[in-house]
Amino acid sequence: MRAVVAVIGKDTVGILAKVSTICAECNANVMDVTQTIMQDLFAMTMLIDITNCSEEYNVLADRLKVCGDEMGLQIHVMHEDIFNSMHTI
């Protein structure tokens, strides 16, 4: 099972490190990352493998949301099944 993590907000030092640390603490493997900075806006999308995650999906999503709130970012986590359903015509 996989999930998509989207991060948007003002660029600051350590965003990738903090998000990936939470994933590592929950045993969610980061499979792919794309990020860009447009002027001072940071945007990142991560694909994570949650097959062996040590936390429930909702707990991981909540931890990432709290991290985002603390850093002034919007962090959204979407299970791959929901992501695929939303993007299938």
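Read-outs: derived from the displayed coordinates by stated rules, not from any lab. Computed from a predicted structure; not experimentally measured. Note that we place each Cβ from the backbone using ideal geometry, even for glycine, and neighbour counts take in every protein chain shown.
Would you work out the relative contact order for the chain, in percent, from Cα pairs under 8 angstrom that are 6 or more residues apart?
42
Once you have the Cα-Cα distance between K65 and N27, take 0.36 nm times their residue separation minus that, and quote the gain in nm to one decimal.
Extra length from K65 to N27 when fully extended: 12.0 nm.
Tell me which GluC sites (Glu not before Pro) from the chain have a DSSP coil assignment and no more than 16 other beta carbons within 10 Å of their own.
E55, E56
Given a cut-off of 22 Å, what percent of all Cα-Cα pairs of the chain lie beyond it?
22
If the only charges are +1 at each Lys and Arg Cβ and -1 at each Asp and Glu Cβ, what is the size of the charge dipole of the stretch 2-86 around the Cα centre, to the nearest 20 debye?
Once rounded to the nearest 20, the dipole reads 140 debye.
Cα axis of helix 15-25 to longest principal axis of the chain: angle in degrees, 0 to 90, nearest 10?
On a 0 to 90 degree scale, this one is about 30.
For the chain, find the longest principal axis of its Cα atoms and tell me its angle to the long axis of helix 57-71, 0 to 90°, nearest 10.
Approximately 0 degrees, to the nearest 10.
Connecting C-alpha atoms closer than 10 Å in a GNM of the chain, tell me which of D32, D11, D62 has the biggest fluctuation.
So, out of D32, D11, D62, the one fluctuating most is D32.
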